[in-house]
Amino acid sequence: MPDYSKFKSSEEQAALFHVAPFNIDAGRTKLIKRVERAAKQVNGEKAGPGAKDFTIGHHNEIQLRLMLNEQRIYLEGSEEHFPINSTKFADLAKAIITDIEAGEFDDQIEDALSGPSIPQVRPATKRTSKGSGKAPPADLAAMKKSVGRYIDVNGLSVEDTRATLLARGADVKLVDTAIADRAAL
């Protein structure tokens, strides 16, 4: 019987047989589309489905929170929001796109797209914890309003809304009932 063992791959090579190599160009394109969509949304244009990556504040300032596969993409290596006036947002978007194309965000893109989508609870900020000095709502009607405010006004996901309310000490059953009632609409 002939010996073909010299043609056999190592265990490490065999483990990679079913794993596609990471395509950074596709990842860059995905992030560029998110930035372009955010720019369109800021301008009031129809931008298609998808979550907003920004919040517009009282003085027409924008807090930018780029997300990719539920992972935060940090600007300037910071977790802080990036406030900018909406009149300068188009210029910021162009600058970010240029940096994405130049590979400045490649590590973050690969980290976000290589693993499964893992929801992250955003840290409470002044904007998302509005009214946090008060006790959480104690009745269902008030909790429904609070859930709606976190989702519709502050732009939090259902999971982030739930986590924020529970962190504030709200009753689990009350929060879950309000979220379930909202989902039933």
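I'd like the Karplus ³J(HN,Hα) series for segment 89-99: coefficients 6.51, -1.76, 1.60, θ = phi - 60°, whole numbers in Hz, and an x wherever there's a Gly or Pro.
Listing the rounded values in order: 5, 4, 5, 4, 4, 4, 5, 5, 4, 4, 5 Hz.
Report the far tail of the P(r) of segment 6-116, meaning the percent of Cα-Cα pairs longer than 25 Å.
The calculated P(r) of segment 6-116 puts 30 percent of pairs beyond 25 Å.
Residues with amide H under 5 Å of F82's amide H, sequence separation 5 or more or different chain, H placed in the peptide plane at 1.01 Å from N; which?
L64
When only C-alpha pairs under 8 Å and at least 6 residues apart count, what is the relative contact order of segment 1-91, in percent?
19 percent
Where Lys and Arg each count +1 and Asp and Glu each count -1, what net charge lies around N85 among other residues with Cβ under 12 Å from its Cβ?
Computed value for this residue: -1.
Ranked highest first by average number of other Cβ atoms within 10 Å, how do 168-174, 151-157 line up?
151-157, 168-174
Starting from the Cα-Cα distance between A95 and E76, subtract it from 0.36 nm times their residue separation and give me the gain in nm to one decimal.
5.6 nm
Give me the number: length gained by fully extending A167 to V19, i.e. 0.36 nm times residue separation minus the C-alpha to C-alpha distance, one decimal in nm.
Value of the extension gain: 49.4 nm.
What spacing in nm lies between the two simple spin-label points modelled at K6 and E61, each 7 Å away from Cα in the Cβ direction?
The modelled label-to-label distance comes out at 7.0 nm.
Search the structure for amide H atoms under 5 Å from the amide H of M67, placed 1.01 Å from N in the peptide plane, and list their residues when 5 or more places away or on another chain.
Here I73 satisfy the definition.
Using per-residue counts of other Cβ atoms within 10 Å, averaged over each peptide, order 60-69, 8-17 from highest down.
60-69, 8-17
Between K40 and T177, with labels modelled 7 Å along Cα→Cβ, what's the label distance in nm to one decimal, could you check?
4.2 nm
Every number here is computed from the coordinates shown, using simple stated rules; none is lab data. Worth saying up front: this structure is predicted, and the values here are computed from it rather than measured. For neighbour counting, all protein chains shown are included, and Cβ atoms are generated from backbone atoms with ideal geometry for every residue, glycine included.
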